[in-house]
1. What is the spin-label model distance, in nm, from residue 157 to residue 61 if the labels are put 7 Å beyond Cα along the C-beta direction?
2. Of all trypsin sites (Lys or Arg not before Pro) in the stretch 127-182, which ones are in loop regions per DSSP and have a Cβ with at most 12 other Cβ atoms within 10 Å?
3. Counting other C-beta atoms within 10 Å, which of 140, 93 has the fewest, and how do the rest follow?
4. Between residue 123 and residue 140, what is 0.36 nm times their sequence separation minus the Cα-Cα distance? Round to one decimal in nm.
5. If each residue of separation counts as 0.36 nm, what is the full-extension length gain between residue 22 and residue 173 once their alpha-carbon separation is subtracted?
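A short reminder: the numbers here are calculations on the coordinates, not readings from a lab. Because the structure is a prediction, the values reported are computed rather than measured. With ideal geometry, Cβ positions are generated from the backbone for all residues, glycine too; neighbour counts draw on all protein chains shown.
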Amino acid sequence: MKTILGFMIVIAGMLTSSCGPSIRVYSDYDRDYNIREFITYLWASAEDIESKNNPLYYNELNDKRIKSSVDDILKNKGYKLVDENPSMVVHYHIIVEDYMEITTDPYGYYGPYWSRTRTYSYNYRQGTLIIDFMDSENKHLLWRGWAVSVLDEDNTSEKTEVMLRTAIADILAKFPATSGNQ
């Protein structure tokens, strides 16, 4: 009975610790630049996107989802997508890494005095989406935002779209609006 109870506690702990907040978001920027002065932008060419070597995650479908979501949010913040002479260049990276979480049953088979503990492992994938805004003249990084989340193995196109839109909205929530759109 203690073994089953211990196993259930370990599994519950693994699920809550690995799930945690579904998407964690971070950002950083160069304080020497006023990003509100950079009003126009252009997407970097496909050759400039470093994550394109992962065809499972970098593909035309996700590219369209990412760009569409970013464009919608930037438009609402007062930025304008142009075909030439932008003040900023925008690009993104997709990083997917495999991780393993190892937990140990705290009491073991026979209670706290007989230390025959069990160890359990849980494999999962973690995805990171990074969105960069760079000065178009000197390619200096102006602002970077990124979201990190555990990826679901049961990935449907609907889930992917919702997760990307949520991550992008969370990332760009910290991105400043233009001077005229405050």
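1. 0.5
2. Sites meeting the loop and neighbour criteria: 139.
3. Ranked by crowding around the Cβ, least crowded first: 140, 93.
4. 2.4 nm
5. 52.7 nm
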